[in-house]
Amino acid sequence: MKDISEIKDVKELRSLRSEQLDIAERAFEEDKPEEAKDAMTEIKKIDERLSKVEEEIGLDKKDEGEKRNMDKIITPKINEEQESAEVRDFIHFLRTKGEKRANVTSLEADIIIPKDIATQPVKLPETIVDLKQYTNVVKVPTAQGSYPILESATTKLISVAELAKNPDLAHPTFLDVDYKVETYRGQIAISEESLQDSTPDLANIVAENNARIGLNTTNDAIATVLKGFAPKTIDGTDGVKNIFNVDIDPAYNVMVVASQSFFNELDKLKDKNGQYILQNDITSPSGRSLFGHKVDVISDSLLGAPGEAKAFIGDVHQAVMFADRAQASVRWIDNEVYGQLLAISQRFDVVQADPNSGFFVTFTAPVEAAPTV
């Protein structure tokens, strides 16, 4: 490839970026992670160069006529050939109403829903965000108990003379996080006529529906915990910077879990140099990063009411402990009226682990001063 640092033509840089996007997508489809990673690295280099060139010629990336598609998020495309053996066997279990159980993962009488089904964005008409992936997931052996979380160490080593006895250091400090597992369950009635007359796609539809119900359940529980963190209200760029620069210890691995409305407000904010504070970042879940920190976007309804700009800013892994007792699972139940009932259940608890690891932030639009007469 031509040396990117020497290219000064915006269109040529955009063309190179488009080529690397295509390469990355093909690599994802063909399950070639190293090639995809290399392409993403090249894209970041091109983005850096493109920003410099645009700045040199005074081009505003928000107002330019031929705007490049920076919001494109590369996601692995999952088709029938790429489905894992676990997913195929799970679908076969559903299609045969539980008669065929070969190679499925079971917990006593229940069948565990494969993770590939629960997080397939290409199968559903809306973007799926699995908040559980960011939390500290702990497999707990009992329905109720306490789990130790190690606090950040502040003790320092002590300077001593040669051959002197080692001084005692402070003992590690643990936070005991109490959990109490709850059972979540429900069932879907499917008539015998539907099972007999349906195409094979019925099994896929049922699997996706039940998996999404399980995902909705965990997301709601995690969001509820995030809303319980110390509240902060901001009204502009400086407020956001204060959280990152001062309010949160730099030892935390901070990210932003933003509602759609909060993300929309961030997308309008600029720094004192007139540059938008959200930067394009193909490695971030949303395709954007904030001061180098990843940003993910979820529905307004998870963090508040529609139209409310809410977000959790902090280290979700340190903030939330997900006590996992039993994964989402399904079971066929005979019913003389409906024909078949497909029951789904899962057992877990979600608790706040480290109260200092983040804030629940509300964005309020600044009040404009009334014009003087």
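Output the residue which, of all residues in region 286-303 that are in contact (Cβ under 8 Å) with a residue 60 or more places away in the chain and in a loop (DSSP other than H, G, I, E, B), is surrounded by the most Cβ atoms within 10 Å (Cβ to Cβ).
In the first step, residues of region 286-303 are kept if they are in contact (Cβ under 8 Å) with a residue 60 or more places away in the chain; the result is 286-288, 296-298, 302-303.
After this cut, where a residue has to be in a loop (DSSP other than H, G, I, E, B) as well, the list is 286-287.
Values: S286: 21, G287: 18.
Selected residue: S286.
Just to be sure, is V206 touching a helix residue (DSSP H, G or I) at 6+ places or on another chain (Cβ under 7 Å) and modelled with pLDDT of 65 or more? Full working, then the answer.
Values: touching a helix residue (DSSP H, G or I) at 6+ places or on another chain (Cβ under 7 Å): yes; modelled with pLDDT of 65 or more: yes.
Answer is yes for this residue.
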Looking only at region 257-271, count how many residues are touching a helix residue (DSSP H, G or I) at 6+ places or on another chain (Cβ under 8 Å) and not in a helix (DSSP H, G or I).
-> 6
Condition check for E12: under 22 Å from D267 (Cα atoms), modelled with pLDDT of 70 or more, among the acidic types (D, E) and in a helix (DSSP H, G or I) | no
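The values are calculated or read from the model by the stated rules, or taken from the named source; none is laboratory data. Keep in mind the model is a prediction, meaning the values are calculated, not measured. All Cβ positions, glycine included, derive from the backbone under ideal geometry; neighbour counts span all protein chains shown.
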